[in-house]
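J.: Take this structure, written in structure tokens, and hold onto it; I'll ask about it next.
Bear in mind that the values in this text are calculations on the coordinates, not laboratory data. Just so it is clear, the model here is predicted, and its values are computed rather than measured. Heads up, the Cβs are rebuilt from the backbone with ideal geometry, glycines too, and the neighbour counts pull from every protein chain shown.
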Amino acid sequence: MKKHTIVVANWKMNPETPEEAKKIFNGIRLATKRLKNVKVVVCPPFPFLYPLSKLKYPKNLFLGAQNISNEIKGSFTGEVSANMIKNLEAKFVIIGHSERRYPSAGEGESNEVIRKKLQIAFDVGLTPILCVGEKERDNEGAYLAFIKNQIKECLIGLSKKYLLDIIVAYEPIWAIGKSYKNAMSPTDIHEIVLYIRKVLDELFGRNIATGAKVLYGGSVESESALPIMKYGNVDGLLIGHASLKPEQFVEILKESDIKR
Ligand code: PGA
């Protein structure tokens with residue numbers, strides 16, 4: 001079976017106007033049409049989902065959200081439900097991004113809350129992208145136990161049929177939002193992807209471990225995309241700041257369009 005690479009654009013709290021959002025999106029759309037092996041998921045802030053949902057889509061381009069509520073419906077001021085996203089033709093949702101787990105103000109999301117969001121996303125038919133990753137590395141390997149615990153607590157109890165489609169984005173917090181020089185090396189990414197599959201195997205069995213898609217995110221720019229795709233053992237990339245610069249992102253898309 002043909003294996004698609006997934007490249008996710010996480011726009012975070014950018015840009016500021018729907019016009020700018022459409023402009024960036026159109027650049028991505030044109031480039032996506034020409035790709036043979038890549039599925040592209042654009043995750044704008046909530047207010048831009050509607051205007052972007054009205055545009056034309058090549059069949060390998062999808063809309064996604066950056067978050068959903070952990071409640072299905074009801075009186076929850078300021079929240080956005082999974083069904084609202086689904087009804088805007090979005091197919092994906094990023095869940096458990098480190099900037100939501102550890103926000104600069106207020107309390108962050110726990111693994112338990114993230115698990116609830118994953119359950120809801122699957123229930124309504126959205127494909128969640130679960131983010132995991134440590135704040136820092138240590139020589140004793142505590143970060144490995146930390147990642148294992150995140151995976152366990154976020155996924156435990158979800159039905160096997162859901163887990164077969166799980167997408168895990170590994171995003172070490174120390175590598176996020178910097179230059180390509182600070183992205184993790186392809187060899188180190190390769191190792192951690194093997195580790196994530198080993199953890200999935202231990203917890204949920206071989207089928208889920210081999211079927212899972214593992215992405216890397218953290219300071220991927222056009223300079224680092226190709227080596228990571230070639231040697232990092234990943235099924236795709238999650239791109240933050242570079243996804244807002246159409247020229248740079250289009251380069252990344254081209255470099256990701258390799259047969260695997
Ligand atoms: P970055 O962000 O590419 O700007 O490092 C990645 C992310 O946080 O999803």
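J.: In the chain, if every C-alpha pair distance is counted and binned at 5 Å from zero, what percent goes to each bin?
T.: Distribution as computed: 1, 6, 14, 19, 21, 18, 13, 7, 2, 0, 0 percent.
J.: Using each residue's phi in the range 231-248, evaluate 6.51 cos²θ - 1.76 cosθ + 1.60 at θ = phi - 60° and report the 3J(HN,Hα) Karplus result to the nearest Hz, with x for Gly and Pro.
T.: Per-residue couplings from phi come out as 10, x, 6, 9, 9, x, 9, 10, 10, x, 4, 5, 7, 8, 10, x, 4, 5 Hz.
J.: Going by amide H atoms built from the backbone, whose H comes under 5 Å of the H on W11, apart from near neighbours?
T.: Residues meeting the amide H criterion: C43.
J.: Then there is this: Given all pairs of different Cα atoms, what value in angstroms does the Kirkwood hydrodynamic radius of the range 154-260 take? Each step should come with its number before you reach the end.
T.: Working: mean 1/r = 0.0698 Å⁻¹.
By the Kirkwood definition, the hydrodynamic radius is 14.3 Å.
J.: Let me ask something else. Using label points projected 7 Å from each Cα along Cα→Cβ, tell me how many nm separate K59 and K181, to one decimal.
T.: The answer from the label model is 4.4 nm.
J.: Check F62: other-chain or 5+ apart residues with amide H under 5 Å from its amide H, H built from backbone geometry?
T.: The list, which skips near neighbours in sequence, is V40, V41, V42.
J.: Now a separate question. With point charges of +1 on the Cβ of Lys and Arg and -1 on the Cβ of Asp and Glu, referenced to the Cα centre of the range 188-260, which listed residue (L253, V199, S219) lies farthest in the positive direction of the dipole?
T.: Value computed over the given set: V199.
J.: Then there's this: Please give the Cα centre distance for the range 202-219 versus the range 1-58, rounded to the nearest Å.
T.: For the range 202-219 versus the range 1-58, the Cα centre distance is 24 Å.
J.: Which residues' amide hydrogens lie under 5 Å from the amide hydrogen of T127, considering only partners 5 or more residues apart or on another chain, with H built in the peptide plane?
T.: Here the answer is F92, V93, since their amide H atoms fall under 5 Å of that of T127.
J.: Along the Cα→Cβ direction, 7 angstrom out, place labels at I258 and A105. What is the inter-label distance in nm?
T.: 4.4 nm
J.: Each residue of the range 96-107 in turn: what ³J(HN,Hα) in whole Hz from Karplus with 6.51, -1.76, 1.60 and θ = phi - 60°, glycine and Pro shown as x?
T.: In residue order, the calculated couplings are x, 4, 4, 6, 9, 6, 10, x, 5, 9, x, 8 Hz.
J.: For the range 27-32, take each phi angle, set θ = phi - 60°, evaluate the Karplus expression 6.51 cos²θ - 1.76 cosθ + 1.60, and give the result in whole Hz per residue in order, putting x for glycine and proline.
T.: So the Karplus estimates, Gly and Pro as x, are x, 5, 4, 4, 5, 5 Hz.
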